[in-house]
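*Asks:* Mind looking over this structure? Questions follow.
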Amino acid sequence: MTGARKRSAINPSRRSRREKSGARFQNLADALAQIGRSFYQRGWVFGTSGNFSAVVSERPLRLAITPTGLDKGALEAGQFLEIDEAARVVRGNGMPSAETGLHLAIVRTRGAGAVLHTHSLWSTVLSDVFSADGALALDGFEMLKGLRDIHTHEHREILPIFENCQNIAQLATQVEALLKHEPAVHGFLLRRHGLYTWGQDLAEAKRHVEILEFLLEALGRSRTGV
Ligand SMILES: [Zn+2]
């Protein structure tokens, strides 16, 4: 008999919580896999790039997250992992995404319900073009109204740009410090790497990716005249 079965035989209410959490994990994994495949189709997560997560429970903190190294065009719900607040795998088989530390940092500092990360062409190009400024501005576009709490096109959205780094713990510390002091930002860029954004729930995070990717492409095309 497994430890889980022993516990549930003793405590039915705990078993019920486990079942509910398992069902929520499955639902989120289904939705995340679908989003991943659709982002691949739109050219935002080619190859094994990008990673996605959603909060299964807040206390204790549990995230459904993509494992490392998977083709995002063929992502399936059964491939997702559940991790705890220290990035230890508590459900599923495999290694969580190499950038898990950034997902946990965003969830901790912003109370996000989902975090989505893309490696699109325009986020890669523009994060390099504007890297010396440390941020880029998206200004005066109607599509800005798709971002949480933005109700007019007369808004200047700042996307901070971090230097890319393979030391994710170090990067997570920088990201966490910035997000604590800049409550208005809806996302950030990693130089020559990609976009991170989040939402209160998965639907909002997905909308933020669509809005920010659209705006980055609009800015890029207007600068290059294409
Ligand atoms: Zn990445």
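The values are calculated or read from the model by the stated rules, or taken from the named source; none is laboratory data. Here the structure is a predicted model, which is why all the values come from computation and not from measurement. Methodologically, a virtual Cβ is constructed for each residue, glycine included, from the backbone with ideal geometry; neighbour enumeration extends over all protein chains shown. Heads up: the accessible areas ignore ligands, DNA and RNA and are worked out on the full protein's heavy atoms, side chains in. Shrake-Rupley method; radii C 1.70, N 1.55, O 1.52, S 1.80 Å.
*Asks:* Cα centroids of the range 133-191 and the range 102-119: how far apart, whole angstrom?
*Replies:* The range 133-191 and the range 102-119 have Cα centres separated by 12 Å.
*Asks:* Still on this structure: Can you give me the relative contact order of the range 32-124 as a percent, contacts being Cα pairs under 8 Å and 6 or more apart?
*Replies:* Taking the mean separation of contacting Cα pairs over the length of the range 32-124, I get 31 percent.
*Asks:* Restricting to DSSP H runs of at least four residues, report the calculated mean residue ellipticity at 222 nm for the chain, -39500 (n - 2.57) per run over all residues, nearest 500 deg cm²/dmol.
*Replies:* -14000 deg cm²/dmol
*Asks:* Enter the accessible area per residue of the chain (Å², integer; probe 1.4 Å; all protein chains in place).
*Replies:* I get 50 Å² per residue for this part.
*Asks:* ³J(HN,Hα) across the range 128-135 via Karplus (A = 6.51, B = -1.76, C = 1.60, θ = phi - 60°), whole Hz, x for Gly/Pro?
*Replies:* 7, 4, 9, 4, 5, 7, x, 5
*Asks:* Around Leu171, under 9 Å between beta carbons, what's the net of Lys plus Arg minus Asp minus Glu among the other residues?
*Replies:* -2
*Asks:* Give the shape of the range 131-226 as rounded, prolate or oblate, defined through the alpha-carbon gyration tensor: a ≥ b ≥ c are the square roots of its eigenvalues, a/c under 1.5 means rounded, and otherwise the shape is prolate if a/b is larger than b/c and oblate if not.
*Replies:* Taking the square roots of the gyration eigenvalues as a ≥ b ≥ c, the range 131-226 is oblate.
*Asks:* Work out, step by step, the length gained on full extension between Ser16 and Thr224: first 0.36 nm times the residue separation, then minus their alpha carbon distance; give nm to one decimal.
*Replies:* 69.2 nm
*Asks:* Can you give me the angle between helix 12-41 and the longest principal axis of the chain, using Cα atoms only, in degrees from 0 to 90, rounded to the nearest 10?
*Replies:* 30 degrees
*Asks:* Using a 1.4 Å probe over the heavy atoms of the protein chains, calculate the carbon and sulfur portion of the accessible area of the chain as a whole percent.
*Replies:* It is 50 percent, rounded to a whole number.
*Asks:* On a 0 to 90 degree scale, rounded to 10, what angle separates helix 202-224 from the longest Cα axis of the chain?
*Replies:* Once rounded, one gets 20 degrees.
*Asks:* Can you tell me the relative contact order of the chain? Whole percent, Cα pairs under 8 Å, sequence separation 6 or more.
*Replies:* 18 percent
*Asks:* Find out how many positive minus negative residues lie around Ala105, taking Lys and Arg as positive, Asp and Glu as negative, among other residues whose Cβ is under 12 Å from that of Ala105.
*Replies:* 0
*Asks:* Go ahead and set up a Gaussian network model of the chain, Cα springs under 10 Å, then flag whichever of Arg91, Arg110, Arg17 fluctuates most.
*Replies:* Residue with maximal mean-square fluctuation among Arg91, Arg110, Arg17: Arg17.
*Asks:* Another question, then. Net charge around Gly92, counting only other residues with Cβ within less than 13 Å of its Cβ (Lys, Arg = +1; Asp, Glu = -1)?
*Replies:* After counting each charged neighbour, the total is 0.
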